[in-house]
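Data block below; observations after.
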Amino acid sequence: MALPPTPAASFASDNAAGASPEVMDALVAANSGPALAYGADAWTAAATEELRELFGAPVEVVFCWGGTGANVVGLATLLTPWQSVITVDTAHIVVDECGAPARFTGSSITPVPQVDGKLTIEAVHPFVDWLGTEHHPQPKVLSVSQVTEMGTLYSAAELAALASFAHEHDMYLHVDGARIANAVAASGTGIRELIVEPGVDVLTFGLTKNGAIYGEAVVYLRPELAADARFIRKQAGQLPSKTRFVAAQASALLADDLWLRNARHANDMAALLAELVAEIPGVEVPVAPAANAVFARIPWDRLADLQAWSFFWEWDPQEHLVRWMTSFTTTEDDVRTFAGGVRAILAEDGA
Ligand SMILES: Cc1ncc(COP(=O)(O)O)c(C=O)c1O
């Protein structure tokens, strides 16, 4: 069977996509005249106000260069070195940040087993016994990713339960929201219902995967927690000199709900991809995608041929699972082409 041309979109990750045209326009518009550096500019003030309006709360906001840096800044404001973060063993802060949060906070990160990518109170509970004993790191932060690394979503009720548990034990709930837009779009509610009302303390509000060229915002839902944030951001190397260009991107994404439209589109493309590939003999989609990641089990001896045709990352070699991601740039045509290519390659005998 002849292979279709490689799709124009990459299914490797949502950060393989470029930026939204509206974001590029906003960058050009922000490139007019001088503006004071380090966030003392009109774009930063406007984007901060827009985020306050979105959250319906007097949140404090610090813009950072990237997702790892935003997690470092958010966590460092909550911790002293003898305290610790409890999170799942699949968390980005554990697996994919080269130890940056542990290095910059000086705190240990305690990874616990996940259930569907999520942190459970059962997994956290034993560590409460460590509180008050000087030999143990003192648990201070529960950290979760929304969307999780396994492509799943916490419901508002699940986040509320984690936040209550954290607060009962004088801890905080931190959310790595690199894909918060996909989560809100998938939840069918708003960010107030999904993040504010459950009692999240600090959130990384992801921009990059949603259509920015770079930049993320750390949002402090309890403004008093941001008291040292600007110092920590600077020391962590996360204060962009020309912050206006990060803020302008945030405003472009927030305007007319572009952030949600982009995310909804990515989520819809993942749903379509899951539907199409599940019909291919040899492919199994164990769980319907909750947002913009499709996890699929494939015949492992065909992995290299598939990757050579249109590159993507393997997820779990033991389980023969791969991850296919969609973004705001993925078109229906890309999805159909990709599924067609997978079908054609798997139909070959592989000899
Ligand atoms: C869950 C999660 N958190 C944070 C990040 C941000 O990482 P980066 O430092 O590459 O922007 C990513 C990017 O892949 C991610 O998937």
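The values are calculated or read from the model by the stated rules, or taken from the named source; none is laboratory data. Keep in mind that what you see is a predicted model, and the values were worked out from it rather than measured. Quick reminder, even Gly has a Cβ in these numbers, built from the backbone with ideal geometry, and neighbours come from all protein chains shown. Heavy atoms of the whole protein, side chains included, go into the accessibility calculation; ligands, DNA and RNA do not. Shrake-Rupley method; radii C 1.70, N 1.55, O 1.52, S 1.80 Å.
Before moving on, here are some points about what is shown:
- The chain: relative contact order as a whole-number percent, Cα under 8 Å and 6+ apart: 26
- Its alpha carbons considered, region 195-323 gives a radius of gyration followed by a Dmax of 19.5, 56 Å.
- log₁₀ of I(q)/I(0) at q = 0.08, 0.10, 0.17 Å⁻¹ - region 21-256, Debye sum with one point per alpha carbon: -0.27, -0.43, -1.22
- Solvent-accessible area per residue in the chain equals 42 Å², computed with a 1.4 angstrom probe and all protein chains kept.
- Once the Kirkwood radius over Cα pairs is known for region 258-347, the Stokes-Einstein relation at 10 °C and 1.306 mPa s delivers a diffusion coefficient of 122 µm²/s.
- Protein accessible area in region 258-347, 1.4 Å probe - carbon and sulfur %: 52
- Antiparallel DSSP beta bridges within the chain, percent to nearest 5: 55
- GLU348 paired with ASP116, simple spin-label distance in nm, labels 7 Å along Cα-to-beta-carbon: 3.8
- Rounded percent of accessible protein surface that carbon and sulfur make up, region 21-256, 1.4 Å probe: 56
- Theoretical ellipticity at 222 nm over the chain - DSSP helices of four or more residues, -39500 (n - 2.57) apiece, nearest 500: -11000 deg cm²/dmol
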